[in-house]
There are 2 protein chains.
Amino acid sequence: MPELRRDPITKNWSIIATERAKRPESSLVKHLISGDEIKHDPACFFCEGNEHATPPEVLAYRDENASPDLPGWNLRVVPNKFAALNFDEDFLVNQDNPLKITGYARGAAEVLIESPHHTRNLALQSADHVACVLMAYRNRYLNLSQERSIKYISIFRNNGQQAGASLVHPHSQIMATPVVPINITNEMYGANDYYESTGRCVYCDIIKTELKDRSRIICENENFIAFAPYASRTPFETWVMPKFHSSRYQDLNDFQIHELSEIWKSTLYKIYTGLENPPYNYFIHTSPTQKNVNKYYHWHMELVPKLTIAAGFELGTGMYINIAIPEDCADYLRSIEVK
Amino acid sequence: MPELRRDPITKNWSIIATERAKRPESSLVKHLISGDEIKHDPACFFCEGNEHATPPEVLAYRDENASPDLPGWNLRVVPNKFAALNFDEDFLVNQDNPLKITGYARGAAEVLIESPHHTRNLALQSADHVACVLMAYRNRYLNLSQERSIKYISIFRNNGQQAGASLVHPHSQIMATPVVPINITNEMYGANDYYESTGRCVYCDIIKTELKDRSRIICENENFIAFAPYASRTPFETWVMPKFHSSRYQDLNDFQIHELSEIWKSTLYKIYTGLENPPYNYFIHTSPTQKNVNKYYHWHMELVPKLTIAAGFELGTGMYINIAIPEDCADYLRSIEVK
């Protein structure tokens, strides 16, 4: 039976319609595992020995005695060579014509090279290594938010070519913009709306519901939970949230990052193994840089597999047709053992 | 110089950043023209002679003496065999838990088979044939909007596999939903906002600006205009609008459809020829079924080529990075002669 479900924050509807999965060309699981691992590719800009091929690093975790921009690192963050934003000019919005509002794209675009290994997927790194990546995210948040013109810092990862990854070497990306993106504005608006009418954080309430219901939980530990959202837009969409209320990712302490890394590593591993390394995007949603902590917004991570193509319906309406039942997806991912 | 531009209706920002087009893997023009045309494929569900392979037609333009669901047609509309919505049950929203709002996905999903020709792209059909397609869109709007539970009718077309077309035979799709999609709500909200503060339709004002500026116009005739929107989300994004104010597509008369077909055929032809049949989605944005005509909303068509992949940044923020300047795109499409 096709079902409509509404996201309580964005108020967006998804159509859960498994009938469409029966179309002859549908195949949820794609075989994208590329075979043998390649530790080092001398032609790769992100591999060790090619540090000169990227702009100078802005952050690195490296051996104590190693010098910047030379081999001997575990993780590097460098400015994107083909940046869509830069700090060359001020952000001054020209509002002379309300139909042609424009401004200089002031900001930062950075690449986080997750490890020196040329092909090893983040899902196959140790939880400790995942913690390093999460730590580096926090570092860049804190650093870039010092710059007064920056209003939002977006951290995301594209896994696989079909999800927009243009280079094989595993990496995340960081983009700092002088405006707050519309998806964040909408989420904060929806969350504030719920808070105004109930006095509670909508995300905290969702977590309570999920912990009681349990059918959509994928994994959890004391302070973090991974689950399939009720109105999932795509098969195997997964959200990870702190169980405690917190509006800003960058407020995580080291112990919390360690706990988060366990859940995040498990989530990535289950997706990687259970769906045979599908293309996906993940991103962190957190408060804008100049917002103080508040009672209604709750940072979280969203992972959206790209097993189907968002086409004219999705693009035109903003609604999604999801060909899998979220409870079934959670059940399947829960069953994948993490090694 | 990277530039931010804001859509005056949705208030969404695009980053216009040509720097990214210099990435080694970027290539705006893809070669997807499949070579020889195939007029008829006996294995295709949508080809003549296989009418029994689809559910019975709900509309057809056919020879006077030909019978329904048999050969002898120019255009057919049939229910989608793998429908995400149906009329089996009533749409009753269960709101017991505000975090789990759900309802039966009541509605219609239909396929419009644009011609009996197995591969001929809509861009290569005559303007008269394009007018038949536009006429059929109107017919389905009028027909489906009779059903009281239907709140919105979405008409769209996916061109090419990368844009989500799962069958080769050229077709459009019609989906009638019991809820108004979020993109329509947002546009109507933005347009009403502008109307409240100026007393004018924002789309009418955009058309005035474009006609004065001329740098983003692709083609026009007396009553219709095709142009690259100022805050284009993707290279070669194109909007088509009536120059006269009208909030509902279905109010077009036959003469207006004839005029629209000239502009729409030209637009499709320029995109097809100039970009070598790129993957794209197009869709019609019009008023919800139960809205009367109004002074602030203005129906239009949006065509969004898929020459780049929307990845973690776009999905996470809702903002788009566009690697081409809208004025350059319009200039290029303007230069393509329509044969």
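Rounded, prolate or oblate: which fits region B:94-216, taking a ≥ b ≥ c as square roots of the Cα gyration tensor eigenvalues, rounded meaning a/c under 1.5, else prolate when a/b beats b/c?
Values: a/c = 2.04, a/b = 1.08, b/c = 1.89.
Since a/c reaches 1.5 but b/c is at least a/b, the shape of region B:94-216 is classed as oblate.
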DSSP bridge orientation in region A:3-335 - percent antiparallel, rounded to nearest 5
90 percent
Relative to a virtual label point 7 Å from the Cα of residue B:126 in the Cα→beta-carbon direction, which members of region B:307-339 show backbone nitrogen distances below 19 Å?
B:338-339
How many nm separate the modelled label positions at residue B:291 and residue A:222, each set 7 Å beyond the Cα in the direction of the Cβ?
5.2 nm
Just report the Cα centroid separation between region A:151-185 and region A:201-277, whole Å.
19 Å
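Which net charge results for the neighbourhood of residue B:127, defined as the other residues with beta-carbon distances under 9 angstrom from its beta-carbon, given Lys and Arg at +1 and Asp and Glu at -1?
-1
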Under 13 Å from the Cα of residue A:295, which aspartates and glutamates turn up, not counting those fewer than eight places away in the same chain?
A:193, A:196, A:205
Please identify the GluC sites (Glu not before Pro) of region A:253-299 that satisfy two criteria: DSSP loop assignment and at most 16 other Cβ atoms within 10 Å. Which are they?
A:276
If you build a Gaussian network model of chain B, linking Cα atoms that sit under 10 Å apart, which residue out of B:135, B:319, B:175 swings the most?
B:319
Relative to the other copies, what are the label-point distances for residue A:61, with labels 7 Å from Cα along the C-beta vector, expressed in nm at one decimal and sorted shortest first?
6.3
Multiplying the sequence separation of residue A:167 and residue A:66 by 0.36 nm and subtracting their Cα-Cα distance, what value in nm do you get?
33.8 nm
How about residue B:339: which lysines have a C-alpha closer than 24 Å to its C-alpha, ignoring those fewer than 8 places off in the same chain?
B:30, B:39, B:265, B:270
Least to most buried among B:215, B:145, B:266, A:335, by other C-beta atoms within 10 Å and fewest first, runs A:335, B:215, B:145, B:266
Nm distances between copies for residue A:142, ranked from closest, using label points 7 Å along Cα→Cβ:
6.7
For region A:292-308, 3J(HN,Hα) per residue [Karplus equation, 6.51 cos²θ - 1.76 cosθ + 1.60, θ = phi - 60°, Hz, x = Gly/Pro]
6, 4, 9, 8, 10, 9, 9, 5, 6, 10, 10, 10, 10, x, 10, 8, 10
In a Gaussian network model of chain A with springs linking alpha carbons closer than 10 Å, the residue among A:68, A:288, A:326 that fluctuates most is A:68
Paramagnetic reach from residue A:338 (point 7 Å along Cα→Cβ, amide N under 12 Å) across region A:224-244:
A:224-227
Would you mind calculating the relative contact order of region B:3-335 from Cα pairs under 8 angstrom and at least 6 residues apart, reporting the percent as a whole number?
22 percent
In nanometres, the difference between 0.36 nm per residue of separation and the alpha-carbon distance of residue A:251 and residue A:96 is 51.9 nm
GNM on chain A, C-alpha springs below 10 Å: top fluctuator among A:294, A:281, A:97?
A:97
Residue A:243 and residue B:196 label points (each 7 Å along its Cα→Cβ direction) are spaced in nm at 4.3 nm
At 7 angstrom along the Cα-to-beta-carbon line, where would the label on residue A:244 sit relative to the other copies? Give the distances in nm, shortest first.
6.5
For the protein assembly as shown, convex hull volume per residue from C-alpha positions, Å³:
163 Å³
Which chymotrypsin sites (Phe, Trp or Tyr not before Pro) in region B:166-239 pass both tests, a DSSP loop state and at most 14 other beta-carbon atoms within 10 Å?
none
Looking at this model, which pairs from A:11/B:100; A:208/A:243; A:11/A:291; B:212/B:243; A:81/A:291 are more than 19 angstrom apart at the alpha-carbon?
A:11/A:291; A:81/A:291
Result for the protein assembly as shown, cysteines with no Cys Cβ partner under 4.7 Å, is A:132, A:219, A:329, B:132, B:219, B:329
Across 10 Å bins from 0, what is the distribution of all Cα-Cα pair distances for region B:3-335, in whole percents?
5, 24, 33, 26, 10, 1
Computed helical MRE - 222 nm, the protein assembly as shown, DSSP H runs ≥ 4 contributing -39500 (n - 2.57), nearest 500:
-8000 deg cm²/dmol
Averaged over peptide B:1-10, how many Cβ atoms belonging to another chain are found within 10 Å of each residue's Cβ?
6
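Each reported figure results from applying straightforward, stated rules to the coordinates on display, with no laboratory input. Owing to the predicted nature of the structure, the values given are computational and were not obtained by experimental measurement. Virtual Cβ from ideal backbone geometry, glycine too; neighbours counted across all protein chains shown.
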